[in-house]
Amino acid sequence: TLAVAPEGALLTAEDRHLEDRRRRVQLENALRRALDSGDFQVQYQPIIDLTSGEIVKAEALVRWEDPEVGRVPPDVFVPLAEQLGQIHVITDLVMREALREARRASVTLRRPLRIAVNLSPNDLNAPDFMDRLHRLMCEHPDAAQHLTFEVTESGALVNLEQTTRHLTTLRQWGFGLALDDFGTGHSALSVLQHLPIHHLKLDRTFVWGIEGNARQQVLTGAVMELAARLNVDVIAEGIETATHEAILRGMGCGLGQGYLYSRPHADPDWAALDGWPNVS
Ligand code: C2E
Ligand code: MG
Ligand code: MG
Ligand code: MG
């Protein structure tokens, strides 16, 4: 398809390349400004016990809306912040916000609630990462009991030995640990064997595939069994329908997250979301 320029002339591939380049520079500049001012929001999505409907934890998800470029999804700006060497700005902000929200939710729900923060491979490999976390714990002695870290398989594999060491220490300090996007990587099983994680998050593409797909159900069932033997809880991501939920529950999956229960919210009504029936 050929795009038409305002003057009516056809855009050449070169024009389009320049346009892409211009947009990318604009995005990068806007992101640099946001990183300087810490202009990000955090939303929270509950993680539900599939048998009782109770909220057992939640995930923090970063949001960015720029006055000029508009709302940009994290799948776009997180990798860009990584390339700029600035992801730690986002991680530190999300950790601190998540800690505040976890305290608030724990008061509302009258039981301790953890909130999960996504880590980038760059966080795990930054030379000062453990120092930053240690500082957070000195400032906020309740940080470890209120936070879980989510790492991806591919992130863990960048430097498996160092990641294993860091995660082992974090677990000793009392943080929760989850392996995110499980099933999308390549060497899932060997990673599981090494990492001292509490939870495994079954990627949403896995969840969406189980409806009416016998082979996918066999695979998912095998993951559940493996996780149970390794004493790791499975959290199913992206549960959108009652059918997804029923199949997963039938397979012994205890925990889930998805639009069926709630979309991410900046200021969730924790009490209203807790237990059946759920409101979104
Ligand atoms: P993720 O960690 O796997 O997060 C789950 C994503 O699935 C979120 O997308 C969430 O909104 C979405 N989701 C949850 N339930 C459903 C559902 O039922 N249906 C559908 N279609 N989607 C659902 P989101 O917020 O756009 O984030 C995308 C990815 O961006 C995250 O994937 C994570 O990799 C990254 N990300 C988000 N926040 C942060 C952050 O604070 N730090 C870092 N490093 N990465 C982040
Ligand atoms: Mg995650
Ligand atoms: Mg995920
Ligand atoms: Mg993901």
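Laboratory data are not the source of any read-out in this text; all were calculated from the coordinates shown. Remember, predicted model here, so these are calculated numbers, not experimental data. Methodologically, a virtual Cβ is constructed for each residue, glycine included, from the backbone with ideal geometry; neighbour enumeration extends over all protein chains shown.
A few comments on the model shown:
- Residue within the stretch 271-279 that is β-branched (Val, Ile, Thr), within 15 Å of ligand 4 (Cβ to nearest atom), surrounded by fewer than 16 Cβ atoms within 10 Å (Cβ to Cβ) and free of Cβ contacts under 8 Å to residues at least 40 places away in the same chain present: no
- The selection criterion, being more than 16 Å from ligand 4 (Cβ to nearest atom), aromatic (Phe, Trp, Tyr), within 21 Å of residue 59 (Cα to Cα) and touching an Asp or Glu at 6+ places or on another chain (Cβ under 8 Å), holds for residue 129.
- Scanning the stretch 95-110 for residues that are closer than 22 Å to residue 273 by Cα and hydrophobic (A, V, I, L, M, F, W, C) returns 98, 99, 102, 105, 107, 109.
- Unique residue being closer than 26 Å to residue 25 by Cβ and in contact with a Gly (Cβ under 7 Å, 6 or more places away or on another chain) when the list is 93, 124: 93
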